[in-house]
Amino acid sequence: MTGALELAAAVRSGERSALSVVEDHLGAIEALDGELHAYLTVLADAARAQASAVDATVSAGGDPGPLAGVPVAVKDNLCTRGVPTTCSSRILEHWRPPYDATVIERLRAAGAIVVGKTNLDEFAMGSSTENSAFGPTRNPHDPARVPGGSSGGSAVAVAAGLAAVSLGSDTGGSIRQPAALCGVVGLKPTYGMVSRYGLIAFASSLDQVGPFARTVADAAALFDAVSGHDPLDSTSLDRPAPRTVGAVGEGVTGLRVGVITELVDGVDAEVVAAVRAAAESLAAAGAVVDEVSIPQLRFGMAAYYLIAPAEASSNLARYDGVRYGLRIEADDVEAMNRATRHAGFGPEVKRRIMLGTYALSAGYYDAYYGQAQKVRTLIIGAFDQAYERYDALLGATTPSTAFLLGAKVDDPLAMYLSDVCTVPSNLAGHPAISVPFGTDAAGLPIGVQVLAPALGEVTMLRVAGAVELAAPPRAVPKLVAAP
Amino acid sequence: MEPARHLTREDAAYVARLARLDLTDDELDTYAGQLAAVLDYAAEVAALDTEGVVPTAHPLPLHNVMRPDVPRPSLERDEVLGAAPAVEDGRFRVPPILGAAP
């Protein structure tokens, strides 16, 4: 499969037409997506039209953009004007947004082609993509297993070659965890680095949009295309975003990297072995590597599962049957609100709304939500201390490789624990990336996570590039587009 | 703090009412049990000594964001209203907000 940077170079030089690139990917979707179900909507006609426009620009000698002709899949919680944007929820099943998310506009400006909208856990709440109202997505390495979540469709589209790169969103690990389980690269940027305008809100102080790719360089290229200040997002960082694609091959000589004890303790032995091997390869490549304990990270999970549902319960109050989405009629407005939300939300969304409402309710606010916010402060402080001694940190992305469909659906807490290694970076607002590094005995991919302080994307990508270079050959998915 | 495991169906019904969410009795029982499990897991955090720790609501220092007071296009009204379940005279239509007079 050809990567995004390689495709863009071929299209820009006129060696390949964007239309032929798009047709190849539409063919792969046609052949494989019946089984994988990565996509909720395929935008075949729009993609062909956009590809032809790119080809016309190339023919006319114009600049078609750095990602010219690159097929991109987009998580279905990113608004696309006039195109269904469901969040995998019945409540938005028939809604068509009246505007595009900023990242969609930036993709188009870069010459990339949006080929479709991908499946997710409803409102991005989940770690397996089984919470989609429209059916699960399957892992291309073993279709009996989950792809992870919540951005499972975006991870699978890239892993199986149904797109060159994709966008997801990461509130507690929803890019990095499925990337690890599907054997691709997944990057969560620093909070505020990528616009959230048009990203349907789950937990606003944690949500961040980021790329999936098959290589670290492709992930960096997509990050470069969509990052940077956006006046339409009041939490967007008002400073130039770093250009990262050049950093990937710079090497790690002299960088100080710490392996986080708490991000390998309690993790499956084969995953720990991969993290240790990645650490050794960084040392061999010239980094100074040792181990660091950050005990406060042990409290991250509990803090996250109070803060994220609390913010979600507030954000999802907007689905009231008035301005958009589903309405179930009733005699008065409150009964209509309650009936609409009962019919429109699935079990996990209801569970999070209940949990968050409880954590914010009178008598429990201080003990749960207030306390979780203080723990958030402790975690940020502990990271800050660690980053006085280290340029980047290393750990597992997930406690295990891909689990079987259905294995955790009846035990929400067990499902939540899939995020134990990823939530600390969201609480801190820091960037982190998962890079494939070998497989378990069953041949399922393992992801190693590189963490960096706020605005540390360049350093993080240098480390990620070195990890990728040292990684064993990738597992080839069972379900994958023809080369 | 009451141990979370004592969460009852009535507690769950109260929370559901706050969240404007109709739930069946079965759902209430299920969520009461599952919420208790998560809150038990969080008990360790709830019990931490955080005396003097300032809470973090957001990873960035938030401040008001201003833009020049210049008119610019907004969303197309027809497109926005077109997505609503019910409209009348260019506005969103809703059922009665107040119940029948007593």
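Here is how the numbers come out for the structure above:
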| quantity | calculated |
| --- | --- |
| Scan of region A:267-296 for residues that are among the acidic types (Asp, Glu) and in contact with a strand residue (DSSP E or B) (Cβ under 8 Å, 6 or more places away or on another chain), ordered by number | A:GLU270, A:GLU280, A:ASP290, A:GLU291 |
| Tally of residues being closer than 22 Å to A:TYR319 by Cβ, out of contact with any Lys or Arg (no Cβ under 8 Å at 6 or more places or on another chain) and assigned to a helix (DSSP H, G or I) across region B:18-35 | 2 |
| Residues being of a type in the set (Lys, Arg) and touching a residue at least 40 places away in the same chain (Cβ under 8 Å) - total across region A:196-250 | 2 |
| Residues satisfying the stated conditions in region A:26-78, i.e. more than 16 Å from A:GLU15 (Cβ to Cβ) and of a type in the set (S, T, N, Q) | A:THR41, A:GLN50, A:SER52, A:ASN77 |
| Members of region A:385-425 found to be assigned to a helix (DSSP H, G or I), under 24 Å from the mean Cα position of the chain (by Cα) and touching a residue at least 12 places away in the same chain (Cβ under 8 Å), listed by number | A:PRO412, A:MET415, A:TYR416, A:LEU417, A:SER418, A:ASP419, A:VAL423, A:PRO424, A:SER425 |
| Residues of region A:220-236 classified as within 12 Å of A:THR190 (Cα to Cα), in contact with a strand residue (DSSP E or B) (Cβ under 9 Å, 6 or more places away or on another chain) and within 14 Å of chain B (Cβ to nearest Cβ), total | 1 |
| For A:TYR368: the one exception among (1) in contact (Cβ under 8 Å) with a residue 60 or more places away in the chain; (2) within 14 Å of another protein chain (Cβ to nearest Cβ); (3) more than 21 Å from the chain's Cα centre (by Cα); (4) assigned to a loop (DSSP other than H, G, I, E, B) | (4) |
| Residue among B:ALA36, B:ALA83 that is more than 9 Å from chain A (Cβ to nearest Cβ), of a type in the set (A, V, I, L, M) and surrounded by 14 or more Cβ atoms within 10 Å (Cβ to Cβ) | B:ALA36 |
| Within region A:272-298, considering residues that are within 14 Å of chain B (Cβ to nearest Cβ) and surrounded by fewer than 24 Cβ atoms within 10 Å (Cβ to Cβ), the one nearest to B:LEU21 (Cα to Cα) | A:ARG298 |
| Residue match in region A:31-53 (condition: among the aromatic types (Phe, Trp, Tyr), crowded, with 22+ Cβ neighbours inside 10 Å, modelled with pLDDT of 95 or more and in contact with a Ser or Thr (Cβ under 9 Å, 6 or more places away or on another chain)) | yes |
| Near pairs, Cβ below 9 angstrom, 6+ apart or cross-chain, from region A:278-302 (among the aromatic types (Phe, Trp, Tyr)) to any residue that is not in a strand (DSSP E or B) | A:PHE299/A:ALA372; A:PHE299/A:VAL375; A:PHE299/A:LEU378; A:PHE299/A:ILE379; A:PHE299/B:GLU44; A:PHE299/B:VAL45; A:PHE299/B:LEU48 |
| Count of region A:312-337 residues which are within 8 Å of chain B (Cβ to nearest Cβ), free of Cβ contacts under 8 Å to residues at least 40 places away in the same chain and outside any helix (DSSP H, G or I) | 9 |
| Sole exception among (1) without any contact (Cβ under 8 Å) to a residue 60 or more places away in the chain; (2) surrounded by 14 or more Cβ atoms within 10 Å (Cβ to Cβ); (3) among the hydrophobic types (A, V, I, L, M, F, W, C); (4) more than 11 Å from every other protein chain (Cβ to nearest Cβ) for A:ALA269, by number | (2) |
| Meets criteria (in contact with a strand residue (DSSP E or B) (Cβ under 7 Å, 6 or more places away or on another chain) and in the same structural domain as A:ALA225 (by TED's automatic domain parsing)) for A:GLU262 | no |
| Qualifying positions in region A:426-452 - within 17 Å of A:LEU206 (Cβ to Cβ), out of contact with any strand residue (DSSP E or B) (no Cβ under 8 Å at 6 or more places or on another chain) and not in a helix (DSSP H, G or I) | A:GLY429 |
| Qualifying residue in region B:63-75 (condition: surrounded by 10 or more Cβ atoms within 10 Å (Cβ to Cβ) and more than 7 Å from every other protein chain (Cβ to nearest Cβ)) | no |
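The values are calculated or read from the model by the stated rules, or taken from the named source; none is laboratory data. None of these values were measured; they are calculated from a predicted model. When we count neighbours, we look across all protein chains shown, and the Cβ atoms used for this are built from the backbone with ideal geometry, even at glycine.
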